[in-house]
1. Within chain B, what is the longest stretch that has no trypsin sites (Lys or Arg not before Pro) placed in a DSSP loop and near at most 15 other beta-carbon atoms within 10 Å?
2. Of B:Gly75, B:Leu24, B:Tyr64, whose Cα points farthest to the positive end of the dipole of chain B (charges on the beta-carbon: +1 Lys, Arg; -1 Asp, Glu; origin at the Cα centre)?
3. Given q = 0.13, 0.16, 0.18, 0.22 Å⁻¹, what are the Debye log10 I(q)/I(0) values for region A:51-173, with equal point scatterers placed on the Cα positions and solvent ignored?
4. Describe numerically, in nm with one decimal, the distance between label points set 7 Å from Cα along Cα→Cβ at B:Cys213 and at B:Val265.
5. Please report, in debye to the nearest 20, how large the charge dipole of region B:25-269 is about its Cα centre when each Lys and Arg carries +1 at its beta carbon and each Asp and Glu carries -1 there.
6. Tell me what the protein assembly as shown gives for mean residue ellipticity at 222 nm when only DSSP H runs of n ≥ 4 count, each as -39,500 (n - 2.57), the sum divided by the residue total, rounded to 500 deg cm²/dmol.
7. Relative to the other copies, what are the label-point distances for B:Lys85, with labels 7 Å from Cα along the C-beta vector, expressed in nm at one decimal and sorted shortest first?
8. For chain A, modelled as a GNM with alpha-carbon contacts under 10 angstrom, which of A:Leu150, A:Leu240, A:Leu24 fluctuates the most?
Protein chains: 2
Amino acid sequence: MSSPCSSCSTASTCSGSCSSVPELTEAQKLSNIKNVVAVMSGKGGVGKSSVTSMLAVSLMRQGYKVGILDADITGPSIPKIFGLKDKASAAEKGIMPVKSMSGIKIVSLNLMLENEDDPVIWRGPVISQLVKQFWTDVIWGELDYLLIDLPPGTGDVPISVLQSIPVDGLVIVTSPQQLANMVVRKAIKMATMYKATFYGLVENMAYIECPDCNKRIEIFGKPAGEKEAAANEIPYLGQLPIDPRLTALSDAGQVEEYQSALFDVIAQKVDACSKEKSPKETA
Amino acid sequence: MSSPCSSCSTASTCSGSCSSVPELTEAQKLSNIKNVVAVMSGKGGVGKSSVTSMLAVSLMRQGYKVGILDADITGPSIPKIFGLKDKASAAEKGIMPVKSMSGIKIVSLNLMLENEDDPVIWRGPVISQLVKQFWTDVIWGELDYLLIDLPPGTGDVPISVLQSIPVDGLVIVTSPQQLANMVVRKAIKMATMYKATFYGLVENMAYIECPDCNKRIEIFGKPAGEKEAAANEIPYLGQLPIDPRLTALSDAGQVEEYQSALFDVIAQKVDACSKEKSPKETA
């Protein structure tokens, strides 16, 4: 849970008043985030942003207050998926997120750029600093879940998120390609070094159904998510197909209209993991 | 072309002996690279590494000497795609690339790690420095083409490559998803700021053919590569399907066994662009 002590190794024995607890910013004093879940892969293009978005939508439908912190600074997808047109605004005490149609609070650098395709040609330290500010300087308010959409790789942003944000659990996204899984294992090993908790692994892009003959086509090879999860000793959350409807709705900024029992089940499992981790703090 | 003067604005008027020309390293003195082509996208998972690999294979089949510099330090795919088992070795004067089955010279951080899935938890400046070393400290020898496989994003590595390596031309890879194209446009705008030359845009993952009924399924939306290329005022190189055979051969490390007339045509177009750019220097 996102108390400032949660990442401290002596939290269980100290009185909670040690000097290493950083003072809360004004924005943090106005926020109460019960669970922080980061969506990670290491590999690009396996659907981290889709999984983050639909996880948010499913948790919202289950009655939770949800936010998304888009930590993919140079390749942000979240605002487009939700069709956000407004820009994030600065209030006296911090940055105000933009609300999606159904009320999900979103912060992304693309909500601060003039044009959505303007590039951000920044080196790692600047990017890392911005991600930290998305945690410290945003007035998130009351949230049951803050989902963090991580960029690919095991560089600056994942390092900074795992070091400076009290992430409760990780959702790992992979695809059936062995090549993808090799890179995803790098991310899992990295997160293990940071003693992260794994809520589980989602195998995305597992198959597609031919719209004509309904044949199930395994375009990226034989699904291996369950085996991969077991080999990495993390829970298996389920398998998702490539669904052209989801692609179309995401491109149209209408992801909130997508219905998927598969995503709902994954969201329920993530919710169960959170409750198991901090039973008193999740509603 | 990769002369040290090629990126200098006064190259056409000076005598070539100005003080800003960095001294060549021992490895560079042993290398003669005629054309440097970087494969870029901005977006992850659209097939940069597949396009880089098959471009290398096609150029090799056309009789050229080819190398690949894998600049995706935290998510390197190239060694696995080519099934490389040997490690890169250090000679007295520099790093020796590993040769693929058909003789493509490859350098990748994954050829220097003990296990292919060991993570590299490095911040941007360290990663950038390594990519520069792959240019200055590798004994590439005689090459007609050095292809650079860039990571996603517009951060440290693309910045360093465009700033410190004399890239002759860029191949941009995208997919039909509007979401992907929005991010790809960021990369194109970035490269434009660095006055890069665009050899053209490849639209990957444009469709898949149902193995049962042969229906062409456009899983990521209606292909728009030609339109996208025109909108960005860069040449259009062609469209590629998702081919499960290529995925399987890449996962098996046997990409060199893949035959594709589509890739050959793209390689011929890239070759034509290179010849047009530096007619005297390409064989």
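Computed from the coordinates by the stated procedures, all read-outs in this text should not be read as laboratory data. Keep in mind it's a predicted model, so treat the numbers as computed, not measured. Note that each Cβ is placed from the backbone with ideal geometry, even for glycine, and that neighbours are counted across all protein chains shown.
1. Longest site-free region, per DSSP loop and neighbour criteria: B:94-194.
2. It is B:Leu24, whose Cα lies furthest towards the positive end.
3. For the requested q values the scattering log ratios are -0.48, -0.75, -0.97, -1.50.
4. It works out to 2.7 nm between the two label points.
5. Charge dipole of region B:25-269: 560 debye, to the nearest 20.
6. Computed mean residue ellipticity for the protein assembly as shown: -9500 deg cm²/dmol.
7. 6.0
8. Result: A:Leu24 has the largest fluctuation of those listed.
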